[in-house]
1. Consider the range 291-321. How many of its residues are of a type outside the set (D, E, K, R) and not in a strand (DSSP E or B)?
2. Which of the residues spanning the range 426-450 are in a loop (DSSP other than H, G, I, E, B) and crowded, with 20+ Cβ neighbours inside 10 Å?
3. Just the residues that are assigned to a helix (DSSP H, G or I) and either surrounded by 15 or more Cβ atoms within 10 Å (Cβ to Cβ) or modelled with pLDDT under 95 (or both), please, taken from the range 87-110.
4. Would you confirm, using the coordinates I've provided, whether residue 399 is open to solvent by 60 Å² or more (accessible area, probe 1.4 Å), in a loop (DSSP other than H, G, I, E, B), over 23 Å from residue 296 (Cα atoms) and acidic (Asp, Glu)?
5. I need every pair where a residue in the range 353-366 that is under 13 Å from residue 400 (Cβ atoms) has its Cβ under 6 Å from the Cβ of a residue that is surrounded by 10 or more Cβ atoms within 10 Å (Cβ to Cβ) and of a type in the set (Val, Ile, Thr), sequence separation at least 6 or different chains.
6. Among the residues of the range 331-345, which ones are over 15 Å from residue 370 (Cα atoms) and either open to solvent by less than 30 Å² (accessible area, probe 1.4 Å) or aromatic (Phe, Trp, Tyr) (or both)?
7. For residues that are surrounded by fewer than 16 Cβ atoms within 10 Å (Cβ to Cβ), touching a residue at least 40 places away in the same chain (Cβ under 8 Å) and assigned to a loop (DSSP other than H, G, I, E, B), tally how many sit in the range 220-241.
8. Restricted to the range 174-200, and to residues that are part of a strand (DSSP E or B) and in contact (Cβ under 8 Å) with a residue 40 or more places away in the chain, which residue is nearest to residue 217 (Cα to Cα)?
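The values are calculated or read from the model by the stated rules, or taken from the named source; none is laboratory data. Since the structure is predicted, the reported quantities are computational estimates derived from the model, not experimental observations. Here the Cβ is made from the backbone with ideal geometry for all residues, glycine too, and neighbour counts use every protein chain on show. Side chains included, ligands, DNA and RNA excluded: accessible areas come from the protein's heavy atoms. Shrake-Rupley method; radii C 1.70, N 1.55, O 1.52, S 1.80 Å.
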Amino acid sequence: ALKGPREEVVYLPCIYRNTGIEKPDYLATVDVDPKSPHYSQVIHRLPMLNLKDELHHSGWNACSSCFGDATKRRNRLILPSLISSRIYVVDVGTDLRAPRIHKVVEPVELFRKGNAANPHTSHCLGSGDILISCLGDPSGNGKGSFILLDGETFEVKGNWEKGEKVPSLGYDFWYQPRHNVLMSTEWGAPKVLADGFNPADVERGHYGRHINVWDWSTHTHIQAIDLGKGSIPLEIRFLHNPDAAEGFVGCALSSAVHRFYKTERGDWAAEKVIEVPSKKVQGWLLPDMPGLITDILISLDDRFLYFSNWLHGDIRQYDISNTRRPRLVGQVFLGGSITKGGPVTVVEDQELQSQPEPFVIKGKKMPGGPQMIQLSLDGKRLYVTNSLYSGWDKQFYPDLVKEGSVMLQIDVDTEKGGLKVNKNFLVDFGKEPDGPALAHEMRYPGGDSTSDIWI
């Protein structure tokens with residue numbers, strides 16, 4: 001995979017929910033080939049069939065887990081809708097530069113066959129099925145269950161999980177058959193987070209704090225690793241090496257990265273290995289501003305860990321040659337809530353001597369802060385978008401909703417570490433034909449560092 005071809009196009013969902021624009025969300029195809037006359041431009045837009053879906057994350061119908069099965073092709077992109085609970089299946093195999101809708105799985109199918117709603121992460125399985133984690137039940141309560149889709153017909157087959165124990169919250173997941181394990185995380189109850197963030201809901205227990213451990217072969221919940229009240233563990237990544245019994249999870253509100261690992265006893269544990277200190281501020285929602293780690297990923301060679309601090313405004317690169325002692329080797333600021341000249345004054349900062357300058361590229365001042373990240377297969381290019389989720393964008397970065405989000409590209413030093421913005425690359429979703437849009441997670445047609453699981 002490391003020696004795979006360079007990415008030429010990127011797919012990313014663009015959201016109109018909460019923007020005031022009454023148009024369906026759409027899948028944008030962006031040209032990222034520097035030799036192309038359309039470099040860093042949207043070359044195709046595929047509108048969905050309904051309003052206010054809130055497209056969010058995506059996955060594939062087939063990936064490395066299907067290795068050895070010559071009948072499988074990575075030709076369908078799975079697009080779950082976080083709010084409507086609809087799942088779009090997009091044909092990217094017929095024309096990868098102009099995707100088309102193949103099938104729509106209506107919400108009632110998830111409700112009826114799995115008592116599940118608010119689908120989030122989708123991963124293909126070696127069995128040919130597609131596994132999708134969910135945040136809640138049809139009433140908007142938290143429920144960490146999973147839906148299975150048939151990989152050929154895309155019919156809902158029912159729940160993946162078995163047994164009585166189902167976590168009260170769900171979000172992301174990763175599995176590793178060599179260790180007979182699936183790990184899932186917890187965001188919050190859908191009806192609580194749908195329209196914004198209220199810190200009091202953390203105290204009420206409506207937001208997550210656990211890594212949930214599942215037995216891969218029996219599909220049963222066997223352990224919950226408590227990362228602390230108010231941690232909100234989001235993206236979880238095993239190391240790519242299928243023999244490795246460890247990985248990392250990023251916690252949004254505690255702004256910590258925990259390493260999880262298999263113990264000598266055979267169960268699982270976690271230890272905090274990175275912590276971003278909060279900044280004492282004036283002119284903001286709270287007196288202490290967390291970094292808010294919202295996305296993390298690991299390079300395909302398992303050498304570097306990257307994450308974004310959506311509120312502080314920086315992306316960080318850590319050398320994880322020693323997984324227990326990550327070492328900061330690269331950092332770049334791309335907007336955020338603490339830039340100079342903004343409404344927030346930092347009164348105490350354990351890391352910076354002064355507030356960072358606003359980030360401007362091609363004359364555009366970037367609204368919001370860096371959020372979703374995706375790395376090239378060779379590890380040399382990191383792509384970034386800055387919309388988290390429309391309900392929270394509206395609350396924390398109203399200018400982002402008015403102006404639309406951006407997509408950037410950062411050049412990575414893979415020898416010593418280091419991050420540098422490519423000043424020639426900017427996709428400005430504020431200039432979209434139907435008005436400013438909120439662009440989210442990125443995927444390459446050939447697979448990327450967050451979609452493939454090697455078994």
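1. 10
2. Once the filter is applied, which keeps residues that are in a loop (DSSP other than H, G, I, E, B) and crowded, with 20+ Cβ neighbours inside 10 Å, the range 426-450 yields 432, 436, 437, 440, 441, 442, 444, 445, 448, 449, 450.
3. Those that are assigned to a helix (DSSP H, G or I) and either surrounded by 15 or more Cβ atoms within 10 Å (Cβ to Cβ) or modelled with pLDDT under 95 (or both): 107, 109, 110.
4. no
5. From residues that are under 13 Å from residue 400 (Cβ atoms), the pairs are 366/406.
6. 344
7. The total comes to 1.
8. 181
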